[in-house]
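Every number here is computed from the coordinates shown, using simple stated rules; none is lab data. Predicted model only: the values in this text are computed from it and were never measured. Note that we place each Cβ from the backbone using ideal geometry, even for glycine, and neighbour counts take in every protein chain shown.
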Amino acid sequence: PINRLIDISGEWADKEKVMAVYRSQNGENDYPQLVSALDKARTFTLPEEVTFAEGFYCYTPEDLRQSLPQVTRAAIELYLKRHSEPD
């Protein structure tokens, strides 16, 4: 799960150009359209001037003291806890 949104409004034109380089990989799915929609949707909770945002997971200092398998397991458990159906 992401816990940080980064404003990429100023970089969006460059990101579109880079995605266009890989047009041959968009045969079944329109990857640029999907990415555009996702990056646009992430702005709903951000200030009006933010038109595109990317999501990241920011690890805490405690996370960084653990092994990768431990951190991965904790992230998966957090995701499952947030998305599980109520008993």
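A few points about this structure:
- Between amide H atoms placed 1.01 Å from N, distances below 5 Å from ARG42 occur with ALA53, all of them 5 or more places distant or on a separate chain.
- Evaluating 6.51 cos²θ - 1.76 cosθ + 1.60 at θ = phi - 60° for every residue in the stretch 53-65, the Karplus couplings come out as 9, 10, x, 9, 10, 9, 6, 7, x, 4, 4, 6, 7 Hz, glycine and proline recorded as x.
- Helix 68-83 axis, angle to the chain major axis (alpha carbon atoms, nearest 10°): 80
- Using C-alpha pairs under 8 Å with a sequence gap of at least 6, the mean separation divided by the residue count of the chain gives a relative contact order of 42 percent.
- Rounded tilt (10° steps) of 12-21 against the dominant C-alpha axis of the chain: 80
- Theoretical ellipticity at 222 nm over the chain - DSSP helices of four or more residues, -39500 (n - 2.57) apiece, nearest 500: -14000 deg cm²/dmol
- Of the chymotrypsin sites (Phe, Trp or Tyr not before Pro) found in the stretch 32-87, the ones in coil according to DSSP and having at most 16 other Cβ atoms within 10 Å of their Cβ are PHE44, TYR57, TYR59.
- Extension gain, GLU49 back to ASN3 (0.36 nm per residue minus Cα-Cα distance, nm): 14.5 nm
- Distance in nm between pseudo-label sites at HIS83 and LEU64 (7 Å out along the Cβ direction from Cα): 2.8
- [x] 26, 20, 10; [y] 24, 13, 10; [z] 29, 17, 16, with the label sought being that of the calculated semi-axes √(5λ) of the Cα gyration tensor in Å: [z]
- Counting only GluC sites (Glu not before Pro) that DSSP places in a loop and that have at most 10 other Cβ atoms within 10 Å, the longest clean stretch of the chain runs over 50-87.
- Principal-axis tilt of helix 31-41 within the chain, Cα atoms, nearest 10 degrees: 60
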